[in-house]
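The values are calculated or read from the model by the stated rules, or taken from the named source; none is laboratory data. Bear in mind the structure is a predicted one, so any value in this text is a computation, not a measurement. Glycine gets a Cβ as well: all are built from the backbone with ideal geometry, and neighbour counts include every protein chain shown. These accessible areas exclude ligands, DNA and RNA; they are computed on the full protein's heavy atoms, side chains included. Shrake-Rupley method; radii C 1.70, N 1.55, O 1.52, S 1.80 Å.
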Amino acid sequence: MPSQRLDTRVREVRRDRRMTQAELAATVGVSRQTIISIEGGDYTPSVLLALRVATALGSSVDALFFIALEES
Amino acid sequence: MPTTYHRTSLLRTIGGLDDPRRGDERSNRIWCEAGAVAGQVQYIAAIIVAAVMAWAGGRHGVYWSIPVLWTSALTNITTSTYLARSGIPSIAAWRRVVSPRGGLTLFLLLVWAVGTARTLGGATTGRDLAITLTAGLVLVVLAATALAHHRARNSGPSDDDLD
């Protein structure tokens, strides 16, 4: 049965907006390390933080985060 | 109506869960993970210290191992209290044994109990006798827990029952 994991397009959208990780972190109010972890899929943000990231990037949560299926 | 947050506010303060110096939510989460790991390490270490005291510290080692054990039990008591106030059912004692951590804890308690019985064997004072009986009681509880676990595992539904 395939397992589910959260995948993200934050990095792609951020680059499209020509923002650095530090700039996005400052706008959202988190550390740059947190942005790195979110982009790398190492950290699943809360709904509140996901909304703040989406707002900062002028995007939506469902455009930035989605469920990826992978064979376990 | 009190929320889970209000029911656990004192414990949250003790744990420093809302300390702004912990940084953003990811950083705070890692602080919480670190605290959970540290609590378990301290718990296991305290039981090891108590077992060593019971085996190598003579009668006084046994006496002082008991408050050490009670202090280590605070980890479990606090965890259970926090879970209860958050409306999360705790795990039945016999099911905890299934995990490697639970098995290690029981094994260390067994080492402590045997060490206590050995050190205070042939007890001459009422205090020694009481402690020896306590160690015996721990052994009985450990045996009963293991038996309950064994029975529960063997009394589960077979695959045929699930058809």
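Quick notes on this structure:
- Going from the chain on its own to the full set of protein chains, the stretch B:12-27 has these residues losing 30 Å² or more of accessible surface (heavy atoms, 1.4 Å probe, no ligands, DNA or RNA): B:D24, B:E25, B:R26.
- Estimated distance in nm for a label pair at B:R101 and B:R21, the labels positioned 7 Å out from Cα along Cα-to-Cβ: 2.6 nm
- Between helix A:47-56 and chain A: long-axis angle, C-alpha atoms, 0 to 90°, nearest 10: 50 degrees
- Among the residues of the stretch A:33-49, those with an accessible-area drop of 10 Å² or more from chain alone to full protein complex, heavy atoms and 1.4 Å probe, are A:Q33, A:T34, A:S37, A:Y43, A:S46, A:L49.
- Neighbours of A:S59, meaning other residues whose beta-carbon lies under 10 angstrom from its beta-carbon, give a summed charge of +1 when Lys and Arg score +1 and Asp and Glu score -1.
- Listed residues B:W70, B:W55 arranged by accessible area, highest first, probe 1.4 Å: B:W70, B:W55
- Buried accessible area, chains A and B (both chains, 1.4 Å probe, Å² to nearest 100): 600 Å²
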